[in-house]
Amino acid sequence: MKRSLIGRLWPNATAAVLFVVFAFPVYWMFATAFKPTGDIIAEDPVWFPVDYTFEHFRTAVGADHFWTLVGNSVTVTVVAVLLSLAIALLASFALARMRFKGRRGFIVTFMIAQMAPWEVMVIAIYMIVRDAELLNSLVPLTVFYMVMVLPFTILTLRGYVAAVPKELEESAMVDGCTRTQAFLKVIFPLLAPGLMATSLFGFITAWNEFPMVLILNKNAEAQTLPLWLSSFQTTFGDDWGATMAAASLFALPILILFVFLQRRAVSGLTSGAVKG
């Protein structure tokens, strides 16, 4: 009986400890964003603030080009994710349903592309963008983010397409649907968890990307929010209150998306990982 009780308790205790370890930085970020400056720079840390202020959020929102950078980040991220999903849907269907010469090599190529660090291509990417006279433009950023998340998107959706029985598609075609109609009416609705998982991954990856925009977009109005986080410095040092408020605003869209999509995302990742 005791062994059974211990066997049930230690996984829960381990999960609770891990939750505290990973959740504390998030709590500290949001708590510091609302603390008065005096509590932030106090010698003894204020673990549970009593006084709250919105001054740091007003400073963050009032920073130069804030709303322009919000628009840039949303535009680049959403367009990159939608383009990667559109391409990955077609590619994953072909890899899961069709048999053609070089198919396995094609899949291995995507796996290698997923593992290869993009930093090795920084100089080449910069020279291509410079020669195309597209520096300080959102177009190369969008294309780069799309390419960056595309291998993962294709591999995950391929597994999910392979998990859908072929008989469903064949039955729809027997009933008069074309192959395209069978895909749109039968397979596509069943891919919702996989689409949620890949779109969430793509959104987080593109939303958080920092080095490439730093290299390609020197113009402040053509940058995105990750660079904006590094701008809260004064002659007296870092403005930690405004920095934490800015970080909270930056992380908020990802937290909201994760809360709403977590169940479908986990289902899509596990199904896509073991099928096909």
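Observations, loosely collected:
- Every residue from segment 213-224 that is surrounded by fewer than 22 Cβ atoms within 10 Å (Cβ to Cβ) and among the aliphatic types (A, V, I, L, M): Leu214, Ile215, Ala220, Ala222
- In the set (1) without any contact (Cβ under 8 Å) to a residue 40 or more places away in the chain; (2) on the phi < 0 side of the Ramachandran plot, the condition left unmet by Met196 is number (1).
Here is a yes/no grid of residues against (1) modelled with pLDDT of 80 or more; (2) open to solvent by 70 Å² or more (accessible area, probe 1.4 Å); (3) assigned to a helix (DSSP H, G or I):
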position: Ala172; (1), (2), (3): yes, no, yes
position: Pro189; (1), (2), (3): yes, yes, yes
position: Leu200; (1), (2), (3): yes, no, yes
position: Thr243; (1), (2), (3): yes, no, yes
position: Ala246; (1), (2), (3): yes, no, yes
position: Leu252; (1), (2), (3): yes, yes, yes
position: Ile256; (1), (2), (3): yes, yes, yes
position: Arg263; (1), (2), (3): no, yes, yes
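- None of Arg99, Arg104 is modelled with pLDDT of 75 or more, loosely packed, with under 10 Cβ neighbours inside 10 Å and in a loop (DSSP other than H, G, I, E, B) except Arg99.
- Residue within segment 13-20 that is touching a residue at least 40 places away in the same chain (Cβ under 8 Å) and outside the structural domain of Thr142 (by the TED database) present: no
- Any hit, segment 140-163, residues being surrounded by 15 or more Cβ atoms within 10 Å (Cβ to Cβ), in contact with a Lys or Arg (Cβ under 8 Å, 6 or more places away or on another chain) and outside any helix (DSSP H, G or I): no
- Meets criteria (farther than 18 Å from Val143 by Cβ and part of a helix (DSSP H, G or I)) for Leu214: no
- Whichever residue in segment 174-187 is in a helix (DSSP H, G or I) and without any contact (Cβ under 8 Å) to a residue 60 or more places away in the chain and, among such residues, is farthest from Trp118 (Cα to Cα): Val174
- Among the numbered conditions (1) surrounded by fewer than 16 Cβ atoms within 10 Å (Cβ to Cβ); (2) part of a helix (DSSP H, G or I), the only one that Ala42 does not meet is (2).
- If you go through segment 56-74 and keep only what is open to solvent by less than 30 Å² (accessible area, probe 1.4 Å) and farther than 19 Å from Leu138 by Cα, you end up with His56, Ala60, Ala63.
- Among the candidates Ala116, Ala86, residue that is in the same structural domain as Thr205 (by the TED database), out of contact with any Ser or Thr (no Cβ under 8 Å at 6 or more places or on another chain), modelled with pLDDT of 75 or more and aliphatic (A, V, I, L, M): Ala86
The values are calculated or read from the model by the stated rules, or taken from the named source; none is laboratory data. Model, not experiment: these values are computed from the prediction. In this analysis, Cβ positions are derived from the backbone assuming ideal geometry, glycine residues included, and neighbour counts consider all displayed protein chains. For accessibility, only protein heavy atoms count, side chains too; no ligands or nucleic acids. Shrake-Rupley method; radii C 1.70, N 1.55, O 1.52, S 1.80 Å.
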